[in-house]
Every structure is written in structure tokens, then in C-alpha cells.
1. Of the residues that make up region 30-52, is at least one among the polar types (S, T, N, Q) and open to solvent by 60 Å² or more (accessible area, probe 1.4 Å)?
2. Name the pairs: first residue in region 11-23 and of a type in the set (A, V, I, L, M), second residue surrounded by fewer than 20 Cβ atoms within 10 Å (Cβ to Cβ), Cβ to Cβ under 7 Å, at least 6 apart or on different chains?
3. Keeping to region 19-43, report how many residues are assigned to a helix (DSSP H, G or I), of a type outside the set (A, V, I, L, M) and either under 12 Å from the mean Cα position of the chain (by Cα) or at pLDDT 95 or above (or both).
4. What tally of residues in region 1-13 results from selecting those that are exposed (fewer than 15 other Cβ atoms within 10 Å of the Cβ) and either closer than 18 Å to SER82 by Cα or touching an Asp or Glu at 6+ places or on another chain (Cβ under 8 Å) (or both)?
5. Among the residues of region 53-100, which ones are more than 18 Å from VAL22 (Cβ to Cβ), modelled with pLDDT of 55 or more and open to solvent by less than 20 Å² (accessible area, probe 1.4 Å)?
6. Pull up region 1-13, narrow it to residues that are assigned to a loop (DSSP other than H, G, I, E, B) and among the hydrophobic types (A, V, I, L, M, F, W, C), then point me to the one that is nearest to LEU61 (Cα to Cα).
7. Considering (1) assigned to a helix (DSSP H, G or I); (2) at pLDDT below 90; (3) exposed (fewer than 13 other Cβ atoms within 10 Å of the Cβ), say which one ALA16 fails and leave the rest.
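The values are calculated or read from the model by the stated rules, or taken from the named source; none is laboratory data. Quick caveat: nothing in here was measured; it's all calculated off a predicted structure. Here the Cβ is made from the backbone with ideal geometry for all residues, glycine too, and neighbour counts use every protein chain on show. Side chains included, ligands, DNA and RNA excluded: accessible areas come from the protein's heavy atoms. Shrake-Rupley method; radii C 1.70, N 1.55, O 1.52, S 1.80 Å.
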Amino acid sequence: SQLTALDIGSNCIGDAGAVPVVKALAGHASLRELHLDYNALGISCAAALKEVLCELHLTSLWLHGNDDLGELAEELQAKLNSGRRDPTQENADEEIEVCH
């Protein structure tokens, strides 16, 4: 079976809990939805997300409620959407929803 959605929102796991999870997602190209909302995430998690985004084909990334991310959430959205401009990728014309 393939992992298509992971919702670990509202757990206040912080970067210490989220970074290992995000790094473990690198091999899961089937993942479409990732909910990391309300987890007190910061710069370390944003950096980990940037590292693995090129390997994922997300259609939805939930980051709201992570006040320390601030503008980093917008940077992640831009990176996700720019990576989707490859016409060989499924649904390449769709914008990725990043809730922050």
C-alpha cells in the first residue's frame, strides 16, 4: 500500500519531532497531502521540507498555526509550485495549496 496522505497536525511536535518525519518522507513519491499545522514548526523544519520537496508530488501542504514559519511558508509554496512546472509531472499545471 502507498502513503497518499499524512496528517500529524495539532500535535505541537516542534522541529525536533517534525524534521525526522519530513526527512523520512523523501522516498514516498505517492504522498499528496501533508498536514503539519499547529506543530510549533520553525526554521529547521522549513529547511528539511525544502530538501525533500523535489522528491514529493504534493497537492496540499498544511502549515497554518506555525507562527514561527512566517514568510518561510510562502517560500515553501513558491518552491513547490515552481517544481510543478515540469510538464512531464502529473497535474503540472495545478497550483499546490499551502495553507498557512
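1. Taking region 30-52 and keeping what is among the polar types (S, T, N, Q), we get 30, 39, 44.
Filter once more, so that each one left must be open to solvent by 60 Å² or more (accessible area, probe 1.4 Å): 44.
Within region 30-52, one or more residues are among the polar types (S, T, N, Q) and open to solvent by 60 Å² or more (accessible area, probe 1.4 Å).
2. VAL19/SER44; VAL21/ILE8; VAL22/VAL52
3. Residues of region 19-43 that are assigned to a helix (DSSP H, G or I), as a first pass: 19-27, 43.
Remaining after also requiring of a type outside the set (A, V, I, L, M): 20, 23, 27.
Imposing the further condition that a residue be either under 12 Å from the mean Cα position of the chain (by Cα) or at pLDDT 95 or above (or both) reduces the set to 20, 23.
Looking only at that region, the number is 2.
4. Of the residues in that region, 4 qualify.
5. Selection gives ASN81, ARG84.
6. Ranking the qualifying residues of region 1-13, first place goes to ILE8.
7. All conditions pass for ALA16, except number (2).
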